[in-house]
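Engineer: Got a structure here, written out as structure tokens. Questions coming.
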Amino acid sequence: MNASEFKQQLLPLNAKLYQVARLLLGNDNDASDVVQDVYLKLWKQRDKLSDVDNMQAYCMAVVRNMCLDRKRAAHLDVVEQPPDELQLAGGEEPTQVIERKQTAQLIKRCIAQLPAQQQQVVRMREFGGCTMREIEQATGLSAVNARVMLSRARKSLRNQLQSILKL
């Protein structure tokens, strides 16, 4: 693979790779570093990339593995935070802004009580906007397992919120 083929095939994946790295690491700077390291690694093995059938899936797996390696090396816990504020329509009153922030904090606390894999799947799907296929590629879960994880996480969140809010 020459430089122009590399640019043509791999650079369009940059935003998705960054998004997955950001969700897995919970930090913009670390995510940027990982994506840069991924491109460096891919460039070094560019001669072998012609054997890859699904370049996006391969790159997602490389990102996932590098993120996990970085976490292990730094002895970090899984700290994947959703955005501080949930995105709602503009033109809000100050009381609505406060209520939205309180709701976001409540949801963050509920998500933090989920098992690690469920947290990861929920954050990727709900806060990262990842497709189920991207979640499968990034986590290494099968299609069925990813959907089951998401379903169980949503059910658990619903139950937690109902018990807190006494609905």
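The values are calculated or read from the model by the stated rules, or taken from the named source; none is laboratory data. All values reported here derive from a predicted model rather than from experimental measurement. Using ideal geometry, Cβ is built from the backbone for each residue, glycine included, and neighbour counts are taken over all protein chains shown. Remember, those area values only see protein heavy atoms, side chains included, never the ligands or the DNA or RNA. Shrake-Rupley method; radii C 1.70, N 1.55, O 1.52, S 1.80 Å.
Engineer: Against the definition (open to solvent by 40 Å² or more (accessible area, probe 1.4 Å) and either touching a strand residue (DSSP E or B) at 6+ places or on another chain (Cβ under 6 Å) or not in a helix (DSSP H, G or I) (or both)), how does residue 30 come out, yes or no?
Structural biologist: No.
Engineer: Here is a further query. Search region 5-34 for residues that are modelled with pLDDT under 90 and aromatic (Phe, Trp, Tyr) and pair each with any residue that is assigned to a helix (DSSP H, G or I) and open to solvent by 60 Å² or more (accessible area, probe 1.4 Å) when their beta-carbon atoms are under 9 Å apart and the residues are at least 6 apart or on different chains.
Structural biologist: Cβ pairs passing all conditions: 6/43.
Engineer: Looking only at region 129-165, which residues are polar (S, T, N, Q) and either closer than 30 Å to residue 38 by Cα or out of contact with any Leu (no Cβ under 8 Å at 6 or more places or on another chain) (or both)? Talk me through it step by step, then tell me what you get.
Structural biologist: Going through region 129-165, the residues polar (S, T, N, Q) turn out to be 131, 137, 139, 142, 145, 151, 156, 159-160, 162-163.
Passing the criteria: 131, 137, 139, 142, 145, 151, 159, 160, 162, 163.
Engineer: May I ask you to verify whether residue 18 is within 18 Å of residue 124 (Cβ to Cβ) and in a helix (DSSP H, G or I)? Let's see the steps before the verdict.
Structural biologist: On the way: within 18 Å of residue 124 (Cβ to Cβ): yes; in a helix (DSSP H, G or I): yes.
It is true that residue 18 is within 18 Å of residue 124 (Cβ to Cβ) and in a helix (DSSP H, G or I).
Engineer: Report the residue count in region 139-166 for those that are in a helix (DSSP H, G or I) and closer than 17 Å to residue 63 by Cα.
Structural biologist: Residues flagged as in a helix (DSSP H, G or I) and closer than 17 Å to residue 63 by Cα within region 139-166 amount to 1.
Engineer: If you take the residues in region 1-15 that are farther than 19 Å from residue 123 by Cα and aliphatic (A, V, I, L, M), which one is least open to solvent (accessible area, probe 1.4 Å)?
Structural biologist: Among those residues, the one meeting the criterion is 10.
Engineer: Could you give every pair whose Cβ atoms fall below 8 Å, whose first residue belongs to region 149-164 and is over 18 Å from residue 103 (Cβ atoms), and whose second residue is charged (D, E, K, R) and not in a helix (DSSP H, G or I), counting only separations of at least 6 or pairs across chains?
Structural biologist: Between residues of region 149-164 that are over 18 Å from residue 103 (Cβ atoms) and residues that are charged (D, E, K, R) and not in a helix (DSSP H, G or I), there is no close pair.
Engineer: Could you list, ordered by first residue, the pairs with Cβ atoms under 6 Å in which the first is in region 120-146 and surrounded by 15 or more Cβ atoms within 10 Å (Cβ to Cβ) and the second is of a type in the set (Lys, Arg), at least 6 apart or interchain?
Structural biologist: What qualifies is 138/64.
Engineer: Residues that are in contact with a helix residue (DSSP H, G or I) (Cβ under 9 Å, 6 or more places away or on another chain) and at pLDDT below 85: which helices (runs of 4 or more DSSP H) entirely in region 41-138 hold 3 or more of them? Lay out the reasoning, then the answer.
Structural biologist: On the way: elements: 55-74, 94-112, 116-122.
Those helices (runs of 4 or more DSSP H) span 55-74.
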